[in-house]
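The values are calculated or read from the model by the stated rules, or taken from the named source; none is laboratory data. All of these numbers come straight from a predicted model, not from anything done at the bench. All Cβ positions, glycine included, derive from the backbone under ideal geometry; neighbour counts span all protein chains shown.
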Amino acid sequence: MKKFKPFLIAILVLAILTPLGIYLPEKFHAGEAWGEWSPEDLSQEIGYVPQGMEKLSSVYQAPLPDYSAGELNPYLAYILSAVLGILLGGGLIYLIGRIVSRRER
Amino acid sequence: MHIPDGYLGPSTYLVMYGASAPFWVVSLNKLRKTLRSKAIPLLALGTAFIFIIMMFNVPIPGGSTGHAVGASLVTILLGPWAASLATSLVLLIQALVFGDGGITAFGANCFTMAVVIPFSTWVLFRLLVGKRSPSSYWVPIAGGISAYIALNLGALTAGFLLGIQPLLYHTADGKALYCPYPLSVSIPAMGLEHLLVFGWVELIITALALFFIQRYDASLIALAKGE
């Protein structure tokens, strides 16, 4: 475990820097990733919301949409989302790893 | 590359669930057989890395945004099966918690990012590295090139899935039901931005990380040891 400490530090530093991922696109007037527009934004381009998309696009509402948290400062919410992602992703795969490799000693 | 809900029609997203499901099952099984407990912390860190690196949206000024995926680096460190499972898990969290990528499109997103990218990285990296040692100067370069090509293959797969939607689903008067853009738009759009911008981001991140990991402990680069 100790051996991987520098990696953990690198990831935590990256987590603090993640707001760049929303600041830079704003600064350079870059929009949504290609093919990931909201139905409303898409309809501005093509003049209508495709019928199937209208039904499917609201099939699920995520609790922290686009790594935001309600009224919370978006940069802070982004960092907290990063930390949550690290804990959930790292934690779950760690558990899965422990469970499936249990038989080894 | 995170296709949202509503861009793929039912038959497409169901087929893509079918295409990705075997990889979830086999990767878990491979992990059970080959994962050494010493490698579990590295796998957890790799999963965290994939999550974090995807948050760095890179702008094309006045255009769209995109990001690296990180699955190639994890493939080179831990093999394609572990990287596939780690990336799938990240995509699941992104979809369920952050609404990044759809629930219906989860199978498709797993296929482009957790299947195409790790497995093409694996094939390319093994081809490029051959019998060189993990500490060879060539390893970061080969890793970067593999990651660049793999990201582009993933993006093209997503572009293909989006681009066939108008062919598969439309109203009698020709209006799209799901993604409205045909292959002639989606392939150049997804292809060019990844060839020209996002692929290079992935290349630089992968090569730099491998360069530093080599200096720290080259034996961590499992894929260069023929494992």
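Checking residue B:223 against (1) more than 9 Å from chain A (Cβ to nearest Cβ); (2) at pLDDT 95 or above, which single condition isn't satisfied?
All conditions are met except number (2).
Looking only at region A:45-67, which residues are more than 7 Å from chain B (Cβ to nearest Cβ) and either surrounded by 11 or more Cβ atoms within 10 Å (Cβ to Cβ) or touching a helix residue (DSSP H, G or I) at 6+ places or on another chain (Cβ under 7 Å) (or both)?
A:49, A:54, A:55, A:58 - these are the residues of region A:45-67 that are more than 7 Å from chain B (Cβ to nearest Cβ) and either surrounded by 11 or more Cβ atoms within 10 Å (Cβ to Cβ) or touching a helix residue (DSSP H, G or I) at 6+ places or on another chain (Cβ under 7 Å) (or both).
Would you be able to tell me the number of residues in region A:5-19 that are facing chain B (nearest Cβ under 7 Å) and either buried (at least 17 other Cβ atoms within 10 Å of the Cβ) or touching a His at 6+ places or on another chain (Cβ under 9 Å) (or both)?
The number of residues fulfilling the criteria is 5.
Please determine whether any residue of region A:4-18 is in a loop (DSSP other than H, G, I, E, B) and closer than 23 Å to residue B:88 by Cβ.
Scanning region A:4-18 turns up at least one residue that is in a loop (DSSP other than H, G, I, E, B) and closer than 23 Å to residue B:88 by Cβ.
When only residues in region B:30-60 that are modelled with pLDDT under 95 and part of a loop (DSSP other than H, G, I, E, B) count, which is nearest to the chain's Cα centre (by Cα)?
Among those that are modelled with pLDDT under 95 and part of a loop (DSSP other than H, G, I, E, B), it is B:35.
Do any residues in region B:4-25 that are assigned to a loop (DSSP other than H, G, I, E, B) have Cβ atoms under 6 Å from those of residues that are among the charged types (D, E, K, R), where the two are at least six apart or on different chains, and which pairs are they?
Listed pairs, sorted by first residue: B:4/A:36.
Pick out the one residue from B:79, B:66, B:107 that is among the small types (Gly, Ala, Ser) and facing another protein chain (nearest Cβ under 10 Å).
B:66
Would region A:32-43 turn up any residue that is facing another protein chain (nearest Cβ under 7 Å), farther than 30 Å from residue B:195 by Cα and at pLDDT 95 or above?
Checked region A:32-43: no residue is facing another protein chain (nearest Cβ under 7 Å), farther than 30 Å from residue B:195 by Cα and at pLDDT 95 or above.
Wholly within region B:119-227, which helices (runs of 4 or more DSSP H) include no fewer than the required count, namely at least 3 residues that are of a type in the set (A, V, I, L, M, F, W, C) and over 28 Å from residue B:82 (Cα atoms)?
Working: elements: B:138-163, B:165-168, B:183-193, B:199-217.
By residue number, B:183-193.
Any idea which of (1) at the interface with chain B (Cβ under 8 Å from one of its Cβ atoms); (2) on the phi > 0 side of the Ramachandran plot is the one residue A:70 doesn't satisfy?
With (1) at the interface with chain B (Cβ under 8 Å from one of its Cβ atoms); (2) on the phi > 0 side of the Ramachandran plot applied to residue A:70, the lone miss is (1).
Quickly run through region B:39-52 and pick out the residues that are within 7 Å of another protein chain (Cβ to nearest Cβ) and in contact (Cβ under 8 Å) with a residue 40 or more places away in the chain.
Residues satisfying the conditions are B:42, B:43, B:47, B:51.
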